[in-house]
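First the structure, in the form of structure tokens, and then the observations on it.
Bear in mind that the values in this text are calculations on the coordinates, not laboratory data. Being a predicted model, the structure only gives us computed values, none of them experimental. Positions of Cβ are backbone-derived with ideal geometry, glycine not excepted, and every protein chain shown enters the neighbour counts.
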Amino acid sequence: MPTIHTFPNSRQLAEQFAANFSDWLNQVPQDRKASVALSGGSTPKQLFELWGSEWAESIDWNRIHFFWGDERCVAPDDPESNFGVAHEVWLSRVAIDPSNIHRVFGESDPEVEAIRYGNEILKQVRIGSNAVPQFDMILLGMGTDGHTASIFPNQMELLTSNQVCAVATHPETGQKRITLTGTVINNAAKAVFLVTGANKAEILQQIFEKTGAYQTFPAAHIQAQENVFYLDEAAAKRS
Ligand code: 6PG
């Protein structure tokens with residue numbers, strides 16, 4: 001069973017995660033940098049806003065190499081860009097060396113970028129004994145269909161792909177995305193889900209209780225070394 005933290009609302013969730021993240025960073029050995037993959041969508045924006053304001057001076061950002069767990073195949077200045085959102089409210093406001101920011105080139109050809117980004121990860125992130133990159137922490141969200149990163153229910157094979165990154169297609173919009181595969185996500189030392197909203201509650205309950213159609217949800221197949229969920233009360237509600 002994963003560790004589950006529940007908060008009254010998304011603001012308090014973000015505030016507590018920011019504090020816990022700072023404590024977590026302090027226990028990363030000082031002789032190396034941490035590797036963190038960021039989630040996208042709307043949920044992490046409040047965290048990024050905190051990192052770009054109250055926490056801007058409190059974290060040594062250059063101790064971390066930041067990557068994205070998934071990215072929409074759009075230009076970095078597109079409102080849909082996960083990098084664009086993080087850069088606007090946080091990365092452009094803190095003292096971090098550009099070499100610590102590893103964005104996905106959403107503007108590139110998806111198939112070419114999936115290979116390029118995978119090679120960048122292989123170069124920058126520690127490689128586990130299983131020859132798979134091992135992120136120190138991967139932040140994840142969950143969609144209302146149980147997808148995570150950009151591994152959608154109709155592309156479950158991405159959970160066990162032998163690639164580092166893959167091209168995914170949003171099942172409703174057809175939008176192309178680059179996503180870490182489940183193989184890399186599950187090799188992480190710590191996977192942290194940030195999930196809010198009542199529209200996620202039923203799927204979360206099925207995943208935690210292993211009932212209903214839980215096996216059809218990609219998020220149910222995420223099993224890193226350590227798995228932690230930060231939920232607001234709406235998402236944690238049990239029916
Ligand atoms: C993305 C995300 C995706 C997201 C979920 C939840 O690029 O959209 O990485 O996996 O985490 O769709 O999105 P919300 O936080 O917007 O509900």
Can you list the lysines whose alpha carbon is less than 17 Å from that of K123, not counting same-chain residues fewer than 8 positions off?
-> K33
Which loop GluC sites (Glu not before Pro) in the range 39-95, with loop taken from DSSP, have no more than 12 other Cβ atoms within 10 angstrom of their Cβ?
-> E54, E57
Listed with the fewest Cβ neighbours within 10 Å leading, W24, W61 appear as W24, W61
Loop-resident sites, the range 124-217, for GluC sites (Glu not before Pro), counting at most 12 other Cβ within 10 Å (DSSP) | E172
Hey, with R₀ at 30 Å, roughly what FRET efficiency would T173 and A131 work out to, going by the Cβ-Cβ distance, to 0.05?
-> 0.30
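What's the long-distance tail for the range 160-239, i.e. % of Cα pairs beyond 21 Å? Could you put the intermediate results ahead of the total?
Values: 1205 of 3160 pairs.
Here the tail beyond 21 Å accounts for 38 percent of pairs.
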Taking R0 as 22 Å and r as the Cβ-Cβ distance between D97 and L122, the FRET efficiency 1/(1 + (r/R0)^6), rounded to the nearest 0.05, comes to 0.60
How much net charge surrounds T179 when only other residues with a Cβ under 15 Å from its Cβ are counted (Lys, Arg +1; Asp, Glu -1)?
-> -3
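Take every DSSP beta bridge whose two residues both sit in the chain, then give the antiparallel share in percent to the nearest 5. List each step's numbers first, then the result.
Numbers: 10 of 32 bridges.
So the antiparallel bridges in the chain amount to around 30 percent.
Using the Cα centre as the reference, give the magnitude of the dipole from point charges on the C-beta atoms of the range 114-239 (Lys, Arg: +1; Asp, Glu: -1; all else neutral), rounded to the nearest 20 debye. Can you show the working numbers first?
Numbers: 10 positive and 10 negative charges, 54 e Å.
It works out to roughly 260 debye.
About its Cα centre, what dipole magnitude does the chain give when the only charges are +1 on Lys and Arg Cβ and -1 on Asp and Glu Cβ, stated in debye to the nearest 20?
Once rounded to the nearest 20, the dipole reads 480 debye.
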Stretchable slack from Q225 to R63, in nm (0.36 nm times residue separation minus alpha-carbon distance) = 56.1 nm
Could you please rank C73, C165, placing first whichever residue has the fewest other Cβ atoms within 10 Å of its Cβ?
-> C73, C165
Treating only the Cβ atoms of Lys and Arg (+1) and Asp and Glu (-1) as charged, compute the dipole magnitude of the range 28-157 about its Cα centre; round to the nearest 20 debye.
-> 480 debye
Would you calculate, for the chain, the mean residue ellipticity at 222 nm contributed by helices, counting each DSSP H stretch of 4 or more residues as -39,500 (n - 2.57) and dividing by all residues, to the nearest 500?
-> -7500 deg cm²/dmol
Starting from the Cα of R238, step 7 Å along the direction of its Cβ; do the same at N26; then give the gap between the two resulting points in nm.
-> 3.4 nm
Once both labels are modelled 7 Å past Cα along the beta-carbon direction, what's the N9-E209 spacing in nm?
-> 2.9 nm
When only DSSP loop residues count, what trypsin sites (Lys or Arg not before Pro) in the range 116-165 have their Cβ near at most 14 other Cβ atoms within 10 Å?
-> R126
Cβ-derived FRET efficiency at R0 45 Å, D78 paired with E202, nearest 0.05 | 0.90
When all alpha-carbon pairs of the chain are counted, what percent fall beyond 29 Å?
-> 22 percent
If each residue's Cβ is checked for other Cβ atoms within 10 Å, how do T216, T3, T179, T196 rank with the fewest at the top?
-> T3, T216, T196, T179
With Cα springs under 10 Å, the Gaussian network model of the chain assigns the largest mean-square fluctuation among L180, L122, L194 to L122
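Please report the relative contact order for the chain, taking Cα pairs under 8 Å with a sequence separation of at least 6, and give it as a percent rounded to a whole number. Please list the in-between numbers first.
On the way: 488 pairs, mean separation 55.7, N = 239.
Worked out over the chain, it gives 23 percent.
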